[in-house]
1. Looking at this structure, is GLY20 at pLDDT 95 or above and assigned to a loop (DSSP other than H, G, I, E, B)?
2. Check whether at least one residue in the range 191-213 is among the hydroxyl-bearing types (Ser, Thr, Tyr), modelled with pLDDT under 95 and part of a loop (DSSP other than H, G, I, E, B), and report yes or no.
3. Give the range 111-138 a look and list any residue that's more than 18 Å from VAL235 (Cα to Cα) and crowded, with 19+ Cβ neighbours inside 10 Å, or say none.
4. Which residues, taken from the range 56-68, are closer than 20 Å to ALA242 by Cα and surrounded by fewer than 19 Cβ atoms within 10 Å (Cβ to Cβ)?
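The values are calculated or read from the model by the stated rules, or taken from the named source; none is laboratory data. As the structure is a computational prediction, the values presented were derived from the model and not from experiment. Counting neighbours? That spans all protein chains shown, and the Cβs are built from the backbone with ideal geometry, glycine included.
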Amino acid sequence: MRFAKILGALGLATAVLAGGFAPTHAKADALERIAKEKVLRVAVPQDFPPFGSVGTDLKPVGYDIDAATLIAKEMGAKVELVPVTSTNRIPYLTTGKVDLVISSLGKNAEREKVIDFSTAYAPFFNGVFGPDDIKAEKVEDLDGKSVGVTRGSVEDIELSKIVSDKVTVRRYEDNNGTISAFLSGQVQLVATGNVVAAAIFERNPPRQPILKFLVKNSPCFVGLNKNEGPLLEKVNAIIAKAKEDGSLNDIAKKWLHAPLPKDL
């Protein structure tokens, strides 16, 4: 975690993003509080490897966890990791449960009405994937087919914008549910991110997710509450420094097995 005709589900996705979670608890002194308490609370994924998952020691591991740790260190703070899902990560931010969202978060117009975004810190793209024997080179080829997607994710919103009512879109609550639906044949195709598809490939399953077409190039951004200018400036400065000194590139090579794109 989209695709001219907005299905009823887009209304749900928008409600998830904005639905009454006005940033009433957000305050414009977050950076000052972080500096004083020396604790940075960060929402991170728990079911989205390699960005975030639970390690063998039951602790969070992944690209986003390393990025959160890096940012906290540069702020001179201890990182407090708060596991979230794609549907509750923004409400956790707007209700004051966390200071930042570092959870493979893509930017779109609906989200920008609710929160602010840093500069990009990680590469990510969304596409439609499926077995070799299913032809789907463009969105029109999805007519009559079933596509699985994680509810509230970027690919869900983008897919809802472009598919016709001849496409059966089945939504699941998390990425594990979406992956399982594809592997078990409950859906013919899956709309997801490149890293999720890569994770499926690593299982060497009978049904392999071959890229059919791109849906959206959607780099990952850090999410912040509105009116947090000093915090936003600080996060952007840290990201810029990490790109310059290679530390963010090291994280990319560790978890994505590829260097950061030059245009990130």
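1. no
2. We begin by selecting, within the range 191-213, every residue among the hydroxyl-bearing types (Ser, Thr, Tyr); these are 192.
Checking the rest, the ones that are also modelled with pLDDT under 95 come to 192.
Going one step further and asking which of them are part of a loop (DSSP other than H, G, I, E, B), we end up with none.
Looking through the range 191-213, none of the residues is among the hydroxyl-bearing types (Ser, Thr, Tyr), modelled with pLDDT under 95 and part of a loop (DSSP other than H, G, I, E, B).
3. First, the residues of the range 111-138 that are more than 18 Å from VAL235 (Cα to Cα): 111, 113-114, 124-138.
Those that are more than 18 Å from VAL235 (Cα to Cα) and crowded, with 19+ Cβ neighbours inside 10 Å: ARG111, VAL114, PHE124, ASN126, GLY127, VAL128, PHE129, GLY130, ALA136.
4. VAL61
Yes or no, residue by residue, for (1) surrounded by 14 or more Cβ atoms within 10 Å (Cβ to Cβ); (2) modelled with pLDDT of 95 or more; (3) in the same structural domain as LYS241 (by TED's automatic domain parsing):
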{"residue": "LEU7", "(1), (2), (3)": "yes, no, no"}
{"residue": "LYS38", "(1), (2), (3)": "no, yes, yes"}
{"residue": "VAL44", "(1), (2), (3)": "yes, yes, yes"}
{"residue": "PRO50", "(1), (2), (3)": "yes, no, yes"}
{"residue": "VAL54", "(1), (2), (3)": "yes, no, yes"}
{"residue": "GLU74", "(1), (2), (3)": "yes, yes, yes"}
{"residue": "SER86", "(1), (2), (3)": "yes, no, yes"}
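Rundown of residues vs (1) aliphatic (A, V, I, L, M); (2) closer than 30 Å to ALA30 by Cα; (3) surrounded by 14 or more Cβ atoms within 10 Å (Cβ to Cβ), yes/no style:
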residue: VAL149; (1), (2), (3): yes, no, yes
residue: ILE162; (1), (2), (3): yes, no, yes
residue: ASN194; (1), (2), (3): no, no, yes
residue: GLY223; (1), (2), (3): no, yes, yes
residue: LYS254; (1), (2), (3): no, no, no
